[in-house]
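Asks: I'd like to ask some things about the structure below.
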Amino acid sequence: METGFSKLSSKVTLRRILGRWDLTAVGINQVIGSGIFLLPSLVTAQVGAWSVMAFVLAGLASMLVALCFAEVGSRFKETGGPYLYTRAAFGRFVGFEVGWMQWITRVTSWASVANGIPLALGFYVPAVTTGVSRTVFMVALFLILAAINYRGIQQAAWTVNLFTISKLVPLVVFIAVGLFFVQAEPFTRLTSISWSQGSTAALLLIFAFGGFDVIPVPSGESSNPRDQVPFAMISAVSGVTLVMLLAHVVALGTLPGLAQSKTPLADSAFLFMGTSGAILIGVGAVISMIGNNAGQVLTGSRMLFALSENGDLPHVLARIHPRFQTPSMAILVTTGLSLGLALSGSFVVLATASAVARLVVYAGVGAATLRLREARFAGVLPTAKFRTPFGAIVPILAIGVSMIILIGASREQLIAGFGALLIGAVVFVLNNRLAISASR
């Protein structure tokens, strides 16, 4: 039966050394970037004290999507994640568009977050915010992260793990100390909110909780992905939800005028820990953004590698380094493009496509979860080692989360997103024609 999924060669090309906690760290690292340090004030400005419930609902919505990833991820052991799932369920073109949009999101997110690092460091080293110093800093950052990934998945995993732990420490200290200073009164101001305010807060939170979708992408370098991906998906989303919720509770309960703060966690920390608390959060924000960048090169390059390995992009992008056994060409291309976007500032235009990109990935995986349960796939694909509860309800609700993104997207986001899909379609067709010509 034709499923749109071509089995890969049995030849081992990538080192399978990632464990369940490595994959979990990848997910936490990608979700906790710069957003957590700004989100409390943005959400509170929209829905006030209802923001606590909004964080809880956002975590539950993310878990619905994560459960779908866990189920379909337990069927596969190759590199690619959502790209492979939707390719198997709906054919090459749909799979390509999902993988293409996920790669575009990784590239633009890397460029976007990287631009925030010099600004954050500028408080301590003003010279890095402008001119040649900024350019040198950015180039050095990108090259160092690329070199780490180029030389081996083990080094890349260690780097992500280190940054994940390092970014969690300041947040855990902030939460552990801050909970003793939380006042009950701010949580009782439950004023009425409009539909517009509620939808804006929902969209902010769904985007802030995004990033866990990259967990299964490096499955080709996982020692036992069919067991480890479900564990990592559920653990990462649970952990992120707890940290983000408690950080918001502390900020809301300790910082008067939270909605007006531009640096809510730092301002809150200053109130109950003094200058050292504000510095702790400031340093934590820088570490968090650099760690996010480290994860972007790992997952972004593997996404590009997967597209090429399965013949949907030129095979040169699937080149494996003979010594380091890493997707060397995909790492170089992903790094080079992200650096170019970061230095030019043109990532802003592409980043607006992220709303549709997330819609495509989330809805695609939710639909693939339902599709791959059909009897026609029995014997074609391995049986799922993890099954989401409540039958079709969870995948349908996960698709509903995607619809919220679509409803809340701006006109500019929709135009950019569908423009990116159109470019992807052109790339897909051109690659097919080149492949046909080469085979003659």
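The values are calculated or read from the model by the stated rules, or taken from the named source; none is laboratory data. Owing to the predicted nature of the structure, the values given are computational and were not obtained by experimental measurement. Note that each Cβ is placed from the backbone with ideal geometry, even for glycine, and that neighbours are counted across all protein chains shown. Surface areas here come from the heavy atoms of the whole protein model, side chains and all, with no ligands, DNA or RNA. Shrake-Rupley method; radii C 1.70, N 1.55, O 1.52, S 1.80 Å.
Asks: State which residue pairs qualify: first residue closer than 14 Å to GLY116 by Cβ and open to solvent by 10 Å² or more (accessible area, probe 1.4 Å) and inside region 28-40, second residue assigned to a loop (DSSP other than H, G, I, E, B) and of a type outside the set (Lys, Arg) in any location, beta carbons under 8 Å apart, and separation of 6 or more residues or different chains.
Replies: Between residues of region 28-40 that are closer than 14 Å to GLY116 by Cβ and open to solvent by 10 Å² or more (accessible area, probe 1.4 Å) and residues that are assigned to a loop (DSSP other than H, G, I, E, B) and of a type outside the set (Lys, Arg), the close pairs are PHE37/THR263; LEU38/THR263.
Asks: Can you say whether PHE90 is within 23 Å of THR388 (Cα to Cα), open to solvent by less than 20 Å² (accessible area, probe 1.4 Å) and not β-branched (Val, Ile, Thr), as far as the supplied structure shows?
Replies: Numbers: within 23 Å of THR388 (Cα to Cα): yes; open to solvent by less than 20 Å² (accessible area, probe 1.4 Å): no; not β-branched (Val, Ile, Thr): yes.
Against the criterion (within 23 Å of THR388 (Cα to Cα), open to solvent by less than 20 Å² (accessible area, probe 1.4 Å) and not β-branched (Val, Ile, Thr)), PHE90 does not qualify.
Asks: On the given criteria, is GLY116 more than 21 Å from the chain's Cα centre (by Cα), open to solvent by less than 40 Å² (accessible area, probe 1.4 Å) and on the phi < 0 side of the Ramachandran plot?
Replies: Working: more than 21 Å from the chain's Cα centre (by Cα): no; open to solvent by less than 40 Å² (accessible area, probe 1.4 Å): yes; on the phi < 0 side of the Ramachandran plot: yes.
Spelling it out, it is not the case that GLY116 is more than 21 Å from the chain's Cα centre (by Cα), open to solvent by less than 40 Å² (accessible area, probe 1.4 Å) and on the phi < 0 side of the Ramachandran plot.
Asks: Does GLU78 satisfy the criteria of being of a type in the set (D, E, K, R), closer than 20 Å to PHE377 by Cα and open to solvent by less than 10 Å² (accessible area, probe 1.4 Å)?
Replies: On the way: of a type in the set (D, E, K, R): yes; closer than 20 Å to PHE377 by Cα: yes; open to solvent by less than 10 Å² (accessible area, probe 1.4 Å): no.
No.
Asks: Here is a further query. Being open to solvent by 50 Å² or more (accessible area, probe 1.4 Å) and more than 26 Å from TRP195 (Cα to Cα) narrows it down to one of ARG373, ARG411, so name that one. Reasoning before the result, please.
Replies: Values: ARG411 fails: more than 26 Å from TRP195 (Cα to Cα).
Of the residues listed, the single one that is open to solvent by 50 Å² or more (accessible area, probe 1.4 Å) and more than 26 Å from TRP195 (Cα to Cα) is ARG373.
Asks: Give the number of residues within region 187-236 that are among the hydrophobic types (A, V, I, L, M, F, W, C) and open to solvent by less than 10 Å² (accessible area, probe 1.4 Å). Can you show your working first?
Replies: As a first pass, look at region 187-236 and keep what is among the hydrophobic types (A, V, I, L, M, F, W, C): 187, 190, 193, 195, 201-209, 212, 214-215, 217, 229, 231-234, 236.
Next, from what is left, pick out any that are open to solvent by less than 10 Å² (accessible area, probe 1.4 Å): 201, 205, 209, 212, 214-215, 217, 229, 232-233, 236.
Within region 187-236, residues that are among the hydrophobic types (A, V, I, L, M, F, W, C) and open to solvent by less than 10 Å² (accessible area, probe 1.4 Å) number 11.
The rows are residues; the columns are (1) basic (Lys, Arg); (2) closer than 23 Å to THR352 by Cβ.
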residue	(1), (2)
GLY48	no, no
LEU57	no, no
LEU60	no, no
VAL65	no, yes
SER74	no, no
GLY80	no, no
ARG92	yes, no
GLU97	no, yes
TRP103	no, yes
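Asks: Turning to a different aspect of this structure: Output yes when any residue across region 266-287 is within 30 Å of GLU78 (Cβ to Cβ), open to solvent by 10 Å² or more (accessible area, probe 1.4 Å), touching a residue at least 40 places away in the same chain (Cβ under 8 Å) and within 26 Å of the chain's Cα centre (by Cα), and no when none is. Can you show your working first?
Replies: Filtering region 266-287 down to residues within 30 Å of GLU78 (Cβ to Cβ) leaves none.
Taking every residue of region 266-287 in turn, none turns out to be within 30 Å of GLU78 (Cβ to Cβ), open to solvent by 10 Å² or more (accessible area, probe 1.4 Å), touching a residue at least 40 places away in the same chain (Cβ under 8 Å) and within 26 Å of the chain's Cα centre (by Cα).
Asks: While we're here: Tally the residues that are closer than 13 Å to LEU179 by Cβ and of a type in the set (Phe, Trp, Tyr), restricting the search to region 251-275. Can you show your working first?
Replies: From region 251-275, those closer than 13 Å to LEU179 by Cβ are 251-254, 268-269, 272-273; that's our starting set.
With the extra rule that they be of a type in the set (Phe, Trp, Tyr), the set shrinks to 272.
Counting residues in region 251-275 that are closer than 13 Å to LEU179 by Cβ and of a type in the set (Phe, Trp, Tyr) gives 1.
The rows are residues; the columns are (1) open to solvent by 10 Å² or more (accessible area, probe 1.4 Å); (2) touching a residue at least 24 places away in the same chain (Cβ under 8 Å); (3) touching a strand residue (DSSP E or B) at 6+ places or on another chain (Cβ under 7 Å); (4) more than 25 Å from ALA416 (Cα to Cα).
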position	(1), (2), (3), (4)
LEU304	no, yes, no, no
HIS315	yes, no, no, yes
ARG323	yes, no, no, yes
LEU332	yes, yes, no, yes
LEU339	yes, yes, no, no
SER344	yes, no, no, no
THR352	yes, yes, no, no
VAL356	no, yes, no, no
VAL360	yes, yes, no, no
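Asks: Given the criterion modelled with pLDDT of 95 or more and part of a helix (DSSP H, G or I), identify the matching residue among LEU280, LEU304. Explain how you work it out, then say what you get.
Replies: Working: LEU280 fails: modelled with pLDDT of 95 or more.
Matching residue, one of LEU280, LEU304: LEU304.
Asks: Any idea which of (1) buried (at least 17 other Cβ atoms within 10 Å of the Cβ); (2) under 24 Å from the mean Cα position of the chain (by Cα); (3) modelled with pLDDT under 95 is the one ARG134 doesn't satisfy?
Replies: Result: ARG134 fails condition (2) only.
Asks: If you go through region 374-387 one residue at a time, do you hit one that is more than 27 Å from THR108 (Cβ to Cβ), among the charged types (D, E, K, R), touching a residue at least 24 places away in the same chain (Cβ under 8 Å) and touching a helix residue (DSSP H, G or I) at 6+ places or on another chain (Cβ under 7 Å)? So that I can check it myself, show each step before the final result.
Replies: As a first pass, look at region 374-387 and keep what is more than 27 Å from THR108 (Cβ to Cβ): 374-387.
So of that shortlist, the ones also among the charged types (D, E, K, R) come out as 374, 376, 385, 387.
Retained after the next criterion (residues that are touching a residue at least 24 places away in the same chain (Cβ under 8 Å)): 376, 385, 387.
Pick out the ones that are also touching a helix residue (DSSP H, G or I) at 6+ places or on another chain (Cβ under 7 Å) and you get 385, 387.
Yes, some residue in region 374-387 is more than 27 Å from THR108 (Cβ to Cβ), among the charged types (D, E, K, R), touching a residue at least 24 places away in the same chain (Cβ under 8 Å) and touching a helix residue (DSSP H, G or I) at 6+ places or on another chain (Cβ under 7 Å).
Asks: Looking at SER166, SER219, SER235, SER196 in this structure, which one is closer than 26 Å to PHE272 by Cβ and assigned to a helix (DSSP H, G or I)? Before you say what the answer is, go through the steps one by one.
Replies: Numbers: SER219 fails: closer than 26 Å to PHE272 by Cβ; SER235 fails: closer than 26 Å to PHE272 by Cβ; SER196 fails: closer than 26 Å to PHE272 by Cβ.
Result of the check over SER166, SER219, SER235, SER196: SER166.
Asks: Sticking with this structure for a sec: Among ALA363, ALA416, ALA425, ALA368, which is more than 22 Å from the chain's Cα centre (by Cα), among the small types (Gly, Ala, Ser) and assigned to a helix (DSSP H, G or I)? Walk me through it before giving the result.
Replies: Values: ALA363 fails: more than 22 Å from the chain's Cα centre (by Cα); ALA416 fails: more than 22 Å from the chain's Cα centre (by Cα); ALA368 fails: more than 22 Å from the chain's Cα centre (by Cα).
Going through ALA363, ALA416, ALA425, ALA368 in turn, the sole match is ALA425.
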